[in-house]
Amino acid sequence: MDQKTLENQYTTHEKSDKRRGRCCCCCRTRRSKTICCLIILLVLIGLAIALYFCIPRGNPEIRFNGVDTVGNLDYTSLALNAGSGIAIPLVLKLNVQNPNLISIKLSNITAKGFYQIPDGTSVQVGQGALSQPITFPAKGNLDFLLPITLTYYPKTDKNSAAALSGLLNHCGVTSPQKSQIPLKYTAVLDIPLISWLGIRPEINNNVSFDCPINVPSGISDSIGSIIGGIMGIGN
């Protein structure tokens, strides 16, 4: 090995030792130790603040405030088309209370509605989803609408026919007076912050609302008999 090579190796080792020396001695003086402690303290404070705001205070609470109909319902068409199926578009009026210190963005909410028929079977009679993403404000509340469509197929599904019979009864078509319609809904929340982990919170709730169909008394008997005849075919 020639002298030039030895000199190069010595120079390389010397530079490496100097680097190690600088790293090892960076916190040896009182001033450098103070700076290091301040940096660590600031990092810990930042982490504590981030955890304080990000740790969930609880699940958002969704309250039911009633339903609205969508468009004009042609009662005669509902009766005449009952054989192929009846669809009643509604919107659920909901309010959410977010107890967390950060806002929560929802990409979607998918909902299903169920009605319990007399034999105890829970029949799915509706489904819906958000029309656009929404954001729940931090430590606040928000009113929003969730579209849902009630569907009945009395000619082909006896459980659906029984659910429709219950609807007619609650609406005063086949009974002397109207009553509120009980409905259980299940809502699945798609929150981008956690949905990529496969976590989609589910909310179950039982609600009651007035009949969305205002059937004129003069035609209630005829509508009831038409739909009742179709349901008889379904059975």
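The set of residues from the range 126-162 being part of a strand (DSSP E or B), buried (at least 21 other Cβ atoms within 10 Å of the Cβ) and more than 19 Å from the chain's Cα centre (by Cα) comprises just one member, TYR152.
Only one entry of GLY71, GLY58, GLY120 meets the criterion of being in a loop (DSSP other than H, G, I, E, B), modelled with pLDDT under 85, loosely packed, with under 13 Cβ neighbours inside 10 Å and out of contact with any strand residue (DSSP E or B) (no Cβ under 8 Å at 6 or more places or on another chain), and that entry is GLY58. Filtering the range 187-207 down to residues that are closer than 22 Å to LYS93 by Cα and either aromatic (Phe, Trp, Tyr) or not in a strand (DSSP E or B) (or both), which residue is most open to solvent (accessible area, probe 1.4 Å)? So, considering only residues that are closer than 22 Å to LYS93 by Cα and either aromatic (Phe, Trp, Tyr) or not in a strand (DSSP E or B) (or both), the one most open to solvent (accessible area, probe 1.4 Å) is ARG200. May I ask you to list the residues in the range 103-117 that are open to solvent by 70 Å² or more (accessible area, probe 1.4 Å) and farther than 25 Å from ILE199 by Cβ? Once the filter is applied, which keeps residues that are open to solvent by 70 Å² or more (accessible area, probe 1.4 Å) and farther than 25 Å from ILE199 by Cβ, the range 103-117 yields only GLN116. Inspection of the range 79-102 identifies at least one residue that is at pLDDT below 85, surrounded by 13 or more Cβ atoms within 10 Å (Cβ to Cβ) and in a strand (DSSP E or B).
Could you please let me know if SER165 is in a helix (DSSP H, G or I), open to solvent by 40 Å² or more (accessible area, probe 1.4 Å) and in contact with a helix residue (DSSP H, G or I) (Cβ under 8 Å, 6 or more places away or on another chain)? Reasoning before the result, please.
On the way: in a helix (DSSP H, G or I): yes; open to solvent by 40 Å² or more (accessible area, probe 1.4 Å): yes; in contact with a helix residue (DSSP H, G or I) (Cβ under 8 Å, 6 or more places away or on another chain): yes.
Considered against the rule, which asks whether it is in a helix (DSSP H, G or I), open to solvent by 40 Å² or more (accessible area, probe 1.4 Å) and in contact with a helix residue (DSSP H, G or I) (Cβ under 8 Å, 6 or more places away or on another chain), SER165 comes out as yes.
The values are calculated or read from the model by the stated rules, or taken from the named source; none is laboratory data. A quick note: this is a predicted structure, and the numbers were derived from the prediction, not measured. Every residue, glycine among them, receives a Cβ derived from its backbone with ideal geometry; neighbour counts consider all protein chains shown. Each accessible area value is taken on the protein alone, full model and side chains, heavy atoms only, with ligands, DNA and RNA left out. Shrake-Rupley method; radii C 1.70, N 1.55, O 1.52, S 1.80 Å.
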